[in-house]
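One structure is given below, represented as structure tokens, and several questions about it will come after.
The values are calculated or read from the model by the stated rules, or taken from the named source; none is laboratory data. These figures come from a predicted structure and were not determined experimentally. Here the Cβ is made from the backbone with ideal geometry for all residues, glycine too, and neighbour counts use every protein chain on show.
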Amino acid sequence: MEWLFIVAAVMVGVTATAWLAQDRLVFFPQPLATTSHLPARAEPLEVVAGDGTRLRGWIRRGTSDPAPVVVYFGGNAEEVSWTVADARWPAAWSIVAINYRGYGASDGAPGERVLQADAVAIYDAVAGRTDVDRQRIVVVGRSLGTAMATRVAATRPVAGVVLASPFDSLAAIGQKHYPWLPVSLLLRHRFETLPDARGSRAPLLAIVAADDSIIPPERSRALFDAWAGAKSWQLVPGADHNTLGAYDAYWEAIAGFLAQRRADATAPPGALTRDAARSPSRTP
């Protein structure tokens, strides 16, 4: 019977290690190494969170004034200056991306509650700017950032939501990758997105890598199915979690969605646009 005690001791040790190390498993803060890649139209932007923490990122101004705006929330190992610098964003749109606490030049340390609260604070700061068209604010989230984008969509008026590699529950993803651990009991940062998805009626574009090895497509589908508003599903064949943004289909889907949001904002009162007229039950 001694082997039972050995196995039990090992399991207790592994569980304790997972509990203590989970912040490092969920968050991978990245430093800001350089800003030389940022375009001239990118300006530093600082947002002060509700608890006084200073969050730092950029706004890349669009070509119109006031401009429609994308507010971007990155993945768990992403320093967002590279997204701001990406030339594939439609030129008319301003792009706002603020690094999470502890990422880039932002102060503090990341955690579920503070990141979700920060996301709302970032939206509020952007919506209050005079160079922003408040009727055309679209939130875009990638991977972990989809939880922040979904929280904003559930609590603030947005013209649309783009979720790249979304998920319904971080616990469900963790259980998939660590089936021998009681993940649902151990996890502090749960990021349960379904309640927020059910509370948002903004148009949704979900972009999913067909071969995602980090967030299984079924976890993305669970979030998609719960979404209360009009929605469309874009599956990118051959793409994995970290290569999704390298595919033309990814950027073409975003460009088409943003173009439709601009059309929505200029439509006469009572007019039905393509997405508004689409029943969620008919979405593939």
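Among the residues of segment 257-276, are any at pLDDT 75 or above and touching a helix residue (DSSP H, G or I) at 6+ places or on another chain (Cβ under 8 Å)?
Yes, the conditions are met somewhere in segment 257-276.
Any idea how many residues of segment 154-183 are at pLDDT 95 or above and either out of contact with any Asp or Glu (no Cβ under 7 Å at 6 or more places or on another chain) or of a type in the set (S, T, Y) (or both)?
13
So in segment 211-241, with the set limited to residues that are without any contact (Cβ under 8 Å) to a residue 24 or more places away in the chain and more than 23 Å from Q260 (Cβ to Cβ), which one is surrounded by the most Cβ atoms within 10 Å (Cβ to Cβ)?
P217
All but one of (1) at positive phi; (2) over 14 Å from the mean Cα position of the chain (by Cα) hold for R136, so report the exception by its number.
Going through (1) at positive phi; (2) over 14 Å from the mean Cα position of the chain (by Cα) one by one, R136 breaks only (1).
Taking H189 and the conditions (1) out of contact with any Phe, Trp or Tyr (no Cβ under 6 Å at 6 or more places or on another chain); (2) closer than 22 Å to L115 by Cα; (3) at pLDDT 95 or above, which numbered condition does it fall short on, given that it satisfies the others?
It is condition (3) that H189 fails.
While we're on this one: Select from segment 226-255 the residues that are charged (D, E, K, R) and part of a helix (DSSP H, G or I) and write down the one among them that is nearest to L204 (Cα to Cα). Talk me through it step by step, then tell me what you get.
Let us first name the residues in segment 226-255 that are charged (D, E, K, R), namely 231, 240, 248, 252.
Within this subset, residues satisfying the condition of being part of a helix (DSSP H, G or I) are 248, 252.
Values: D248: 19, E252: 15 Å.
Top of the filtered list is E252.
Restrict the check to segment 134-145 and report whether at least one residue is hydroxyl-bearing (S, T, Y), more than 26 Å from S213 (Cβ to Cβ) and at pLDDT 95 or above.
Scanning segment 134-145, I find no residue that is hydroxyl-bearing (S, T, Y), more than 26 Å from S213 (Cβ to Cβ) and at pLDDT 95 or above, so the answer is no.
Kindly check whether there is at least one residue in segment 200-210 that is modelled with pLDDT of 95 or more, under 24 Å from V70 (Cβ atoms), charged (D, E, K, R) and surrounded by fewer than 16 Cβ atoms within 10 Å (Cβ to Cβ).
Yes: one or more hits.
Identify, by number, the condition in (1) over 20 Å from R113 (Cβ atoms); (2) surrounded by fewer than 21 Cβ atoms within 10 Å (Cβ to Cβ) that S169 doesn't meet.
So the condition that S169 fails would be (1).
Considering only segment 158-173, how many residues are touching a residue at least 24 places away in the same chain (Cβ under 8 Å) and either out of contact with any helix residue (DSSP H, G or I) (no Cβ under 8 Å at 6 or more places or on another chain) or assigned to a helix (DSSP H, G or I) (or both)? Reasoning before the result, please.
Of all residues in segment 158-173, those touching a residue at least 24 places away in the same chain (Cβ under 8 Å) come to 158-170, 172-173.
Remaining after also requiring either out of contact with any helix residue (DSSP H, G or I) (no Cβ under 8 Å at 6 or more places or on another chain) or assigned to a helix (DSSP H, G or I) (or both): 170, 172-173.
Of the residues in that region, 3 qualify.
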